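Report on the following structure.
The values are calculated or read from the model by the stated rules, or taken from the named source; none is laboratory data. A quick note: this is a predicted structure, and the numbers were derived from the prediction, not measured. For neighbour counting, all protein chains shown are included, and Cβ atoms are generated from backbone atoms with ideal geometry for every residue, glycine included. Just so you know, the surface numbers come from the protein's heavy atoms only, side chains and all, with ligands and any DNA or RNA stripped out. Shrake-Rupley method; radii C 1.70, N 1.55, O 1.52, S 1.80 Å.
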Amino acid sequence: MAIRSDEIEGYFRREYGRCVATLVRFLGDIDIAEEAVQEAFAVAVDRWPVTGLPPNPGAWITTTARNRAIDQLRREASRHDRHAQAALLYGQEDPAEEVGPVRDDRLRLIFTCCHPALARPAQVALTLRLLGGLETPQIARAFLVPEATLAQRIVRAKKKIKAAGIPYRVPGDAELPDRLAAVLAVVYLVFNEGHTATDGDDLVRLNLCDEAIRLARVLAELMPDEPEVLGLLALLLLTYSRTPARTAPGHPLVLLPDQDRSLWDRALIDEGQALVRRCLRRNQPGPYQIQAAIAAVHSAAPAAAQTDWRQILVLYDQLMACAPTAVVALNRAVALAEVEGPQAGLAAIDGLDIGSSYHPLHVARADMLRRLGRTAEAALAYDAALALTANAAERTFLDRRRRELPGRP
């Protein structure tokens, strides 16, 4: 049966990270692996509409990419070892699995990209590019940096890996804790891009959410005594549990207070809350555990009006103590508005140094101003948010909110 180009694009999103990770382990070279996988998908775009979908699309892409890479090595070989490498690859149909504490290609690549020789922003950006298959503009928005800056960061990271001879191998047990913070950041950012896509027609990219949760589960299996690993998994599960209620017929985006909570996934909530309780018993709080506790408070409320906002505000105060970022402060201001009113929340927001390019800042200001009846200022804030939002679902929601302001066109 023939396949459409948009369906091939869907396979690209789902399989890109898996294929690149396998090829990196196989070839030991990021650039060659990426180029080979991209070429393989280009072949798929030409061939699959005619021949139909292969039985195992991911394996087809990996095999095609592997053969393309081997051909490139043979063409460009200037030393005997490159010829030998290509010959070895041709004779190795199913490379043996590497033995070590990390046995998943994608997770292995995350850890190797998070080598201490790379700066933290480069670690996270490079891994998002390779594992999530995210484009540079999407990653730039996640980092709140210009696209050109992010592109340079990825290029420099690749060059440093090659120049420093950083090995593509499974980290030893002693190395794992030092790499953990960057790895958790990668998984969290992949989930965030899936939870609310930076662009496109759909609010959610389910494949990225699923991949982030899968990686978080693998991490929890590998490091069951690390409270922050459990905290991250709990946070992702509790957040993802609300996905079925985040959209509704005629409403591409439904905010948390307006969601039909009967649609929330109770199995994910129960699992997430159990993980939060495990974290509490360890009494080693960290940012992901506290965020998970906040999500647990939301999930425990049978209705929005019964949300314990005072407890949430206390948790945000704790989060500010261990992760005093402007984004955390913005979220705390939203909670403050629920406890002390929108004027207090707006004052907290206007005191932040977060930069004008962060669209959730304008969304939060617009909501506070709307609640205060300052409609002209709210309209300007909605305009600012719309100018910075590329996701169609978010744009539709914000435009509707703006048009619903009293006396606004």
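General observations
- Trypsin sites (Lys or Arg not before Pro) restricted to DSSP loop in region 1-80 with at most 15 other C-beta within 10 Å: ARG4, ARG79
- Across region 314-327, coupling constants 3J(HN,Hα) worked out from phi with the 6.51/-1.76/1.60 Karplus curve, θ = phi - 60°, read 4, 5, 5, 4, 5, 5, 4, 5, 10, 9, x, 9, 5, 5 Hz, and Gly and Pro carry x.
- For the chain, alpha-carbon Rg relative to the globular expectation (2.2 N^0.38 Å, N residues): 1.07
- The stretch between ARG4 and ARG371 holds 127.5 nm of extra length on full extension. This uses 0.36 nm per residue minus the Cα-Cα distance.
- Mean separation of Cα contacts under 8 Å, 6 or more apart, over the residue count of region 294-365: relative contact order %: 23 percent
- Amide H contacts of ALA248 (H built 1.01 Å from N, under 5 Å, at least 5 apart or other chain): LEU253
- Helix axis angle, 176-195 relative to the chain longest principal axis, alpha carbon, degrees: 70 degrees
- Rounded to the nearest 10 Å², the accessible area of ASP173 at probe 1.4 Å: 110 Å²
- At 0.890 mPa s and 25 °C, Stokes diffusion of region 272-311 via Kirkwood alpha-carbon radius, µm² per second: 231 µm²/s
- 13 Å reach of a label modelled at VAL339, 7 Å along Cα-to-Cβ, counting backbone N of region 287-319: 308-319
- Relative to the longest principal axis of the Cα atoms of the chain, helix 57-76 runs at roughly 50 degrees.
- Relative contact order (percent, whole number), the chain, Cα cutoff 8 Å, 6+ residue spacing: 11 percent
- Between ASN67 and ALA347, the distance separating the two model label sites (each 7 Å from Cα on the Cα→Cβ line) works out to 7.0 nm.
- Taking N as its residue count, the alpha carbon Rg of region 351-409 over 2.2 N^0.38 Å: 1.05
- In degrees, nearest ten, helix 227-240 long axis to first principal axis of the chain (Cα): 70 degrees
- Carbon + sulfur, % of accessible area of the chain - ligands and nucleic acids excluded, 1.4 Å: 52 percent
- Placing dummy labels 7 Å off each Cα toward the beta-carbon, the span from ARG395 to LEU263 is 2.3 nm.
- In the full protein context, the chain carries 47 Å² of accessible surface per residue, based on a 1.4 Å probe and ignoring ligands, DNA and RNA.
- Each residue of region 43-53 was assigned a 3J(HN,Hα) from its phi angle through the Karplus curve 6.51 cos²θ - 1.76 cosθ + 1.60 (θ = phi - 60°); the sequence is 4, 4, 4, 7, 8, 4, x, 8, 8, x, 6 Hz, with glycine and proline shown as x.
- Whole-angstrom Cα spans of region 191-260 along principal axes, big to small: 44, 25, 14
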